[in-house]
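The values are calculated or read from the model by the stated rules, or taken from the named source; none is laboratory data. The structure displayed is predicted, hence computed values, not measured ones. FYI the Cβ positions are ideal-geometry reconstructions off the backbone, even for glycines, and counts take in every protein chain you see. Surface accessibility is based on the protein's heavy atoms, side chains included, excluding ligands, DNA and RNA. Shrake-Rupley method; radii C 1.70, N 1.55, O 1.52, S 1.80 Å.
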Amino acid sequence: MTIEINAPTRDTPALQAERCDLPLLGMHCAACAARIEKALNKAPGVQRAGVNYATARATVHYDPHSTDLQQLRDVVKKAGYDAIVPQSPPQRRADDAHGAATVEPESMAQAEAQARENEYRRQKRQFVTALALTIPVAFLSMAGHLVPALQPLVNFRGRAWVELALTTPVLFWAGREFFVGAWTSAQHRAADMNTLIAVGTFAAYAYSFVATVAPHLLASASSHQSSMAGMNMSGPSVYYEVAAMVVTLILMGNVLQARANSRTSGAIKALMGLQPKTARVQRDGQEQDIPIAEVLVGDIVLVRPGEKVPVDGAVLDGASSVDESMLTGEPLPVQKTAGDVVIGATLNKTGAFRLRATKVGHDTVLQQIVRLVQEAQGSKAPIQRLADRVSGVFVPIVICLAIATFVIWFNVAPVENRLTMALITFVSVLIIACPCALGLATPTAIMVGTGRGAQSGVLIKGGAALETAHKVTTIVLDKTGTITQGQPAVTDIWVNDERGMMNDEPTSNRADIPHSAFRIPHSELLRLAASAERGSEHPLGEAIVRSAHERGLKLSQPQSFNAVAGHGIEATVDGRRALLGNARLMRERGLAPDEACAQKLAADGKTPMFVALDGQFAGIIAVADPIKESSRAAIEQLHALGLKVVMLTGDNRATAEAIARQVGIDRVLAEVLPDGKSAEIKKLQAEGEVVAMVGDGINDAPALAQADIGIAMGQGTDVAMEAADITLVRGDLRGVASSIALSKATIQNIWQNLFFAFFYNVLGIPIAAGLLYPFTGWLLSPIIASGAMALSSVSVVTNALRLRGFRVQRS
């Protein structure tokens, strides 16, 4: 269970609101979830609550001054179910960075797992017991029909009393939860799956009980033996096998469904299982192994080859390659050296290093991802509203149909067997109806889909985002940091030679160009330009300085520096007058820069920086934001999904269009200021496009908010990415295609589930009501109906599990 405490700020009232996720026990269908949700929303102090049947969790936002967890549990218990809460009130832990705290006792996860395991074992024990008692009942009632030679063996006097003795514990011990649930529902003036099972099985049992203990009351029915009825030597037919086998088959379905549901939450369990149990820290000059929960921010942690990184931190010394595939989906290890950030739960491969812990406990990237996925799996997609509306009226409608079926058959069937036919059809209609399949259709698919996405580095915030993403027609990409690397770098150095502009370092291999022909070596031109730019804060200047450092050039301190606003800089370096800037600055100083060369560079998406030394034009340094290696392949994948790709940038049109040509962008929106990006999104939406905006999640916040879907690029270390609908942990543009493809696959899976659930009920209920009898003379046995009902839910969950095989885009 997770509790989040939202601390007050200057912008929020002093009243604190808490959010908790309560694991629930005892739910059987979507109607159960709806009843708990309704009860919680009516409880004092609860702001809002939602219950997810597939995850068996209630998400509650409440006022801790008006209620507490134990009172919330009492509300759930009063509704006829139970919830798991801590044994003692959780302690709040301040979070200076975000003004919030998250408290999740370690024992809670274990308590929930133990409770789920106990519930599964109880269901299994009840099923095995019911099966052992039902087999002889089925043999006694059906063997004579299947093998006529066995009739003398099974059709003995007192057989009905034996079946009664065997069926009673099946119904009222193994199947007692159905009757308890039905009674609880009745107390709340409601009906659910338990009502259908309890009424159907009890009707068959009650009729058989009367036929056994007071057969004279049903003597008129004894002249006809249905093909589905038990044979009784002296008296009316009995249907103990119907009651026993229906309960047993439904218990079997519950056991199978519980096993399948445990697999749907496998992604969360796998993520949580990545966390190491201990860490080796250096304290007071000594190394010691301590539990992971005792690691503090600022601790020095040692990571040896083959170990998992215990917590998030920054490498102090040492070097290694780290496998981050468990969080990012990227199969290739990443090199880590001093200063690099490492993420907890990733696997150290070859080397050893020390790190300083920066995030521990619930603040680590792993725990943030787990929380995001839990919230997504607990959310409801808009498509689920249809199933919820149908489930809300489904059971009452089925009961009315069953009663109508009984009345019709009792009036139209021949007198000698009308009670038998009416009873069989009544029970079959009640039993075959399955609100569970409707309730599971959407949440199980969302649960598996979001879990599979998390394992691949695609974090989807909720069901609504998942559903909207599959409708997207246009992808809008921010250029910097999305298509490009987001860090400008020097790409070309052109030196003004006597023969013209040269873009090669002078080497002994260039026999056609004597060394004396160069006025200045390329490295010297870069060194002087970088020295002059040391006092500049412009991104282009920073790129030049960074490039010089990467090449090992020793920079000088400029003797003078002056920024020419909007044009460039001028400085004195090592006694030489340096002038760096655009063509206009050169012309104003009476110089003749090579603008033809500059235009060629600009056509390739590069920004030319003109350099003059001592009053003479010396050359051009070109700076560009390199395109990510995966960008072109990612855009091809988006095109393959039938999507239009638009680039939105504040850069000049020439540079933007050059980059667009290289990666295959369909449309360019250039020279757009940050406050104008959301307006461009609105224009696209006005054209009828469903727009997904891909940006860094912070600088592009207005556009991300305006878009139908906001997708944040990053490395999963910024909590601000939670504001986006989808977050790509790796920051790889191919994740956009993966998220859209995953959305399409999940929604397709949901529609398959809904179709199956609706089709099953629409087809099954009329057959159970005897629609085929006038044409074929065949009535559906309640036993077959119970088996079909049990398997329908399992089939929906099994179909959802196919999403675990979804493959992310890699090439």
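A few notes on this one:
- Sole residue being assigned to a loop (DSSP other than H, G, I, E, B), surrounded by 15 or more Cβ atoms within 10 Å (Cβ to Cβ), among the aliphatic types (A, V, I, L, M) and in contact (Cβ under 8 Å) with a residue 60 or more places away in the chain, chosen from I665, I659: I665
- Where a residue in the stretch 396-411 is closer than 12 Å to G770 by Cβ and its partner, wherever it lies, is among the polar types (S, T, N, Q) and in a helix (DSSP H, G or I), with Cβ under 9 Å and at least six apart: A402/T425; A402/S428; T405/T425; T405/S428; F406/T425; I408/T425; W409/T425
- Checked against (1) at pLDDT 90 or above; (2) touching a Gly at 6+ places or on another chain (Cβ under 8 Å); (3) over 28 Å from V797 (Cβ atoms), L704 meets all criteria but (1).
- When each of E542, E636, E550 is tested for being within 50 Å of the chain's Cα centre (by Cα), under 26 Å from I483 (Cβ atoms) and without any contact (Cβ under 8 Å) to a residue 12 or more places away in the chain, the lone residue that passes is E550.
- Pairs, first in contact (Cβ under 8 Å) with a residue 24 or more places away in the chain in the stretch 578-593, second assigned to a loop (DSSP other than H, G, I, E, B), C-beta under 6 Å, six or more apart: G581/H567; N582/H567; A583/P593; L585/H567; M586/P593
- Positions within the stretch 188-205 being in a helix (DSSP H, G or I), under 15 Å from I397 (Cα atoms) and open to solvent by 30 Å² or more (accessible area, probe 1.4 Å), in sequence order: V199
- Exclusive hit being open to solvent by 40 Å² or more (accessible area, probe 1.4 Å), in a helix (DSSP H, G or I), at pLDDT below 85 and not hydrophobic (A, V, I, L, M, F, W, C), set E671, E722: E722
- Any hit, the stretch 785-801, residues being under 19 Å from G451 (Cα atoms), surrounded by fewer than 23 Cβ atoms within 10 Å (Cβ to Cβ) and out of contact with any Ser or Thr (no Cβ under 7 Å at 6 or more places or on another chain): yes
- Flag if E636 is in a helix (DSSP H, G or I), open to solvent by 20 Å² or more (accessible area, probe 1.4 Å), closer than 22 Å to R730 by Cα and not basic (K, R): yes
- Being crowded, with 20+ Cβ neighbours inside 10 Å and small (G, A, S) is a property that G676 lacks.
- Checked against the criterion of being under 30 Å from S556 (Cβ atoms), at pLDDT below 90 and open to solvent by less than 50 Å² (accessible area, probe 1.4 Å), the candidates G581, G605 yield just one match: G581.
- Selected residue (only one of S220, S208, S185, S227 is in a helix (DSSP H, G or I), surrounded by fewer than 16 Cβ atoms within 10 Å (Cβ to Cβ) and either modelled with pLDDT of 80 or more or out of contact with any Lys or Arg (no Cβ under 7 Å at 6 or more places or on another chain) (or both)): S220
- Residue within the stretch 769-777 that is surrounded by 22 or more Cβ atoms within 10 Å (Cβ to Cβ) and modelled with pLDDT of 85 or more present: yes
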